[in-house]
1. For residue 298, are the conditions met, namely being more than 18 Å from residue 217 (Cβ to Cβ) and in contact (Cβ under 8 Å) with a residue 60 or more places away in the chain?
2. Return a yes/no flag: does segment 146-161 have any residue that is closer than 17 Å to residue 262 by Cα and either aliphatic (A, V, I, L, M) or free of Cβ contacts under 8 Å to residues at least 60 places away in the same chain (or both).
3. Is it the case, given these coordinates, that residue 179 is touching a strand residue (DSSP E or B) at 6+ places or on another chain (Cβ under 6 Å), modelled with pLDDT of 95 or more, not aromatic (Phe, Trp, Tyr) and not in a strand (DSSP E or B)?
4. Return the residues of segment 34-76 that are among the hydrophobic types (A, V, I, L, M, F, W, C) and either within 15 Å of residue 160 (Cα to Cα) or in a helix (DSSP H, G or I) (or both); say none if nothing qualifies.
5. Residue pairs, Cβ under 9 Å, 6 or more apart or interchain, first in segment 311-322 and part of a strand (DSSP E or B) and modelled with pLDDT of 95 or more, second surrounded by fewer than 18 Cβ atoms within 10 Å (Cβ to Cβ) and among the β-branched types (Val, Ile, Thr). List them.
6. Quick check on my filter: what residues within segment 1-49 are in contact with a helix residue (DSSP H, G or I) (Cβ under 7 Å, 6 or more places away or on another chain), of a type in the set (A, V, I, L, M) and closer than 24 Å to residue 331 by Cα?
7. Within segment 48-67, how many residues are at pLDDT below 80 and either in contact with a Gly (Cβ under 6 Å, 6 or more places away or on another chain) or buried (at least 19 other Cβ atoms within 10 Å of the Cβ) (or both)?
8. What residue, of 254, 289, is touching a residue at least 12 places away in the same chain (Cβ under 8 Å), over 23 Å from residue 182 (Cβ atoms) and outside any helix (DSSP H, G or I)?
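The values are calculated or read from the model by the stated rules, or taken from the named source; none is laboratory data. This structure is a prediction, so every number in the text was calculated from the model and none was measured. So basically every Cβ, Gly included, is an ideal-geometry build from the backbone, and we count neighbours across all protein chains shown.
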Amino acid sequence: MPVKQEKLEEKVCETFEEQGFEVEKDGDKLKAFREGEEKVLTAYSSEKYSQEEVLNGKNEGIVFVDEGLSDLKEDIDVSIIYNEDEGGEYDLPSYELIGDIAVISELTVDEDEAVEGILEHHPSVKTILLKEGGLNGEFRVGDYEKLYGDETETVHTEFGINLKVDPTKTYFSERFSTERDRVISQIDEGEKVLVMFAGVGPFAIMAAKKALPEKVVAVEKNPEACKYLNENIKLNNAGDKVKAFCGDVKDIEYKEEFDRIIMPLPGSADQFLGLAIDLISDNGVIHYYRFLEDQNWGKIISEIEESIGDKEFEILDKVSTGDRGPSIERVCVDIEVRK
């Protein structure tokens, strides 16, 4: 179902404003500003544009389309905005789409209505899952109830990268895609990149395909996630750049330092920050993810100061990447370390 052009642009604006950007209209483009960062955003509604018009257009920055133009992902890098509130009389719960699987975070409406509404908006959805509680266990995997369908393995596409994943076996969120793009856009040509807690490979594979690193080392402890990580390296023809290691990041024998280290484990990344500092090169950057409670930045800064010891460092950026609860944000601190 098409999303009207104006509504599509509103949804794009909301996505970036939730991450602390100021967004303004500039002709037929949108520009998103955050301290030290600027992005150009282009939105195309299938109600207004044809596939040919999009392909022949000046597609600057990040390109967003509605579901009616989703076939364009085979030709150009697009992010798909789905219609969640037009064209029907359903009161839908909050959910995310991972490939052709819909994941409901909380069932706030009647179950049958939720299923019918999601299927009306997304006829291609093959399975609808309901999260039951938070993430559990060593590997941060959630419990799910199947509300519709049985198959839980899918292929999710973002920014032209294909990721095979089963959300019932390994953590993955499509809502983190814009943050992944933010980090990857900072990688300079020739960098050596380490991705701790790599999951099924979104950061690592996007780095290899969207930037020009010398190499990317991806480490993942969950055997199921590591299986998908290796499959996704092959799926995206990234084997010349990405090397996967299955195991605990503390047990891997590292033979070199890295120019950039990504640590997307906000619940316990503090336990591995010392290792990251040991492995980072002079003037290298660590992307350190944590949960921020009640805007208590002092606690996170103290963690950094304690781990870094007598080395010099500079905080390049502090970025909110989404909410975990009413007073808890998931944040990333970009740290430059000088040895």
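1. no
2. No, the conditions are met nowhere in segment 146-161.
3. Spelling it out, it is not the case that residue 179 is touching a strand residue (DSSP E or B) at 6+ places or on another chain (Cβ under 6 Å), modelled with pLDDT of 95 or more, not aromatic (Phe, Trp, Tyr) and not in a strand (DSSP E or B).
4. Of everything in segment 34-76, those that are among the hydrophobic types (A, V, I, L, M, F, W, C) and either within 15 Å of residue 160 (Cα to Cα) or in a helix (DSSP H, G or I) (or both) turn out to be 54, 55, 62, 63, 64, 65, 69, 72, 76.
5. Once the first residue is part of a strand (DSSP E or B) and modelled with pLDDT of 95 or more and sits in segment 311-322, its partners that are surrounded by fewer than 18 Cβ atoms within 10 Å (Cβ to Cβ) and among the β-branched types (Val, Ile, Thr) give 315/301.
6. Within segment 1-49, 23, 32, 41 meet the criteria.
7. Selection size over segment 48-67: 1.
8. None of the others qualify; the one that does is 254.
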